[in-house]
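Novice: Structure provided below as structure tokens; questions to follow.
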Amino acid sequence: MDFTDKIIKGDCIEVLERLPEKCAHMIFADPPYNLQLENELYRPNESRVKAVDDEWDRFSSFSEYDQFTRNWLAACRRVLKDSGTIWVIGSYHNIYRVGGIMQDLGYWILNDIVWVKTNPMPNFRGVRFANAHETLIWARKSREQKKYIFNYQAMKVLNGEKQMRSDWHIPICSGSERCRIEGEKAHSTQKPEALLRRVILSSTKVGDIVLDPFFGTGTTGAVAKRLKRHWIGIEKEDEYVELARRRISAVNEDGLDEELFTSKEKRLLPRVSFGSLVEVGMIETGAFLYSRQKDKQATVCADGSLKTGSIRGSIHKTGARVQGRKTCNGWDYWFVERDGELVSIDDLREEYRRKYLPDGQAE
């Protein structure tokens, strides 16, 4: 039976046990937080705040919650591919307990991400700091696991060509994105699509299967569909299942080329040596390479090495030496002059791949 792109109604642990082993490339889990308030909350204008008081978030004790957490995490680990990763989001009420249980079960934590809410709910009682963030744990299946998807370059581009940090400033779900029933919010902890977009883009590729064992109103499925990923949703509440179905059905599959949704990571591209550029004449022997500020200069040798003063070596070694550093990525450091403009040798490497390696084959 094909479970992909479907909402499966039922208890998440029971459904997970029915799914094929190692069927999911990535799991996103937004489990109950065990978040029960001792008193009702009111705004300064005396209107009542609708808190998380749903039946699915009720547990009699920490031990009951811990056992529930252990059971669903173990079931998730069974259906996660050996190259897969899992994301779990939570608040201070539960995330530390969840993280410890994940480690006990063999998961290996890669990052904790702080989702900084740019428009958090104030603390109306004024007795503690306003809760303005939640934490996401990103983990691989085991410590021994070597391969997993991380689209580093895509995250860097998304972040204005700067390495993406672990603090994500994203507003909470509101406005037209918020699912409502008769004017009231349908789900008390609906996550913003922007958050799921970043999660899915960072750790999956087109065509991968994203599993959400606490599907709610279907945010994971809606975003996965937009990004041309497959999805599996598990949800036991009837009203959430119906909302999620309508929501995902309304996502327009616009027929855009899959290439627009594919992240090309440099480390996965065919290797090209600097000497190859010299061999085919893209850079001539005797040409000068420059640093970005043109305060450093080196001469290209016939064997693909660089020479500057008494220093001679690879583009990486020479770049490091002229800067007085131990390491350097020569592809990023050196430029060649073309028509009065500096052109990165990394751009020439890309040109070489397009011209001489059209099938993506390494040399």
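Novice: Spot the failing condition for V52; the list is (1) at pLDDT 90 or above; (2) crowded, with 16+ Cβ neighbours inside 10 Å; (3) farther than 25 Å from M26 by Cβ, and only one is missed.
Specialist: With respect to (1) at pLDDT 90 or above; (2) crowded, with 16+ Cβ neighbours inside 10 Å; (3) farther than 25 Å from M26 by Cβ, V52 is out only on (1).
Novice: Another question, if that's okay. Within region 79-106, how many residues turn out to be in contact (Cβ under 8 Å) with a residue 40 or more places away in the chain, surrounded by fewer than 16 Cβ atoms within 10 Å (Cβ to Cβ) and in a helix (DSSP H, G or I)?
Specialist: So the count comes out to 0.
Novice: May I ask you to say which residue of P192, P171 is crowded, with 18+ Cβ neighbours inside 10 Å, without any contact (Cβ under 8 Å) to a residue 60 or more places away in the chain and farther than 21 Å from L16 by Cβ?
Specialist: Exactly one of P192, P171 is crowded, with 18+ Cβ neighbours inside 10 Å, without any contact (Cβ under 8 Å) to a residue 60 or more places away in the chain and farther than 21 Å from L16 by Cβ, namely P192.
Novice: Also, quick follow-up: Say whether the condition of being surrounded by 18 or more Cβ atoms within 10 Å (Cβ to Cβ), free of Cβ contacts under 8 Å to residues at least 60 places away in the same chain and over 15 Å from the mean Cα position of the chain (by Cα) is met by at least one residue in region 131-144.
Specialist: yes
Novice: Quick one: which of E253, E239, E284 is in a helix (DSSP H, G or I), acidic (D, E) and surrounded by fewer than 15 Cβ atoms within 10 Å (Cβ to Cβ)?
Specialist: Testing whether each residue is in a helix (DSSP H, G or I), acidic (D, E) and surrounded by fewer than 15 Cβ atoms within 10 Å (Cβ to Cβ) leaves just E239.
Novice: Inside region 81-131, can you point out the residues that are in contact with a His (Cβ under 8 Å, 6 or more places away or on another chain) and of a type in the set (A, V, I, L, M)?
Specialist: V114, V116 - these are the residues of region 81-131 that are in contact with a His (Cβ under 8 Å, 6 or more places away or on another chain) and of a type in the set (A, V, I, L, M).
Novice: When you look at T204, is it β-branched (V, I, T) and at pLDDT 95 or above, yes or no?
Specialist: Yes; evaluated as a whole, the condition is true for this residue.
Novice: Taking the conditions exactly as written (at pLDDT 90 or above and either surrounded by 19 or more Cβ atoms within 10 Å (Cβ to Cβ) or on the phi > 0 side of the Ramachandran plot (or both)), does T219 satisfy them or not?
Specialist: yes
Novice: While we're looking at this one, here's another question. Can we say D112 is closer than 21 Å to D212 by Cβ and surrounded by fewer than 18 Cβ atoms within 10 Å (Cβ to Cβ)?
Specialist: yes
Novice: Of these, Y352, Y290, which one is surrounded by 13 or more Cβ atoms within 10 Å (Cβ to Cβ), touching a residue at least 60 places away in the same chain (Cβ under 8 Å) and either over 32 Å from the mean Cα position of the chain (by Cα) or not assigned by TED's automatic domain parsing to the domain that holds K156 (or both)?
Specialist: When all the criteria are applied, what remains is Y352.
The values are calculated or read from the model by the stated rules, or taken from the named source; none is laboratory data. Quick caveat, the model's predicted, so the values are computed rather than measured. Quick reminder, even Gly has a Cβ in these numbers, built from the backbone with ideal geometry, and neighbours come from all protein chains shown.
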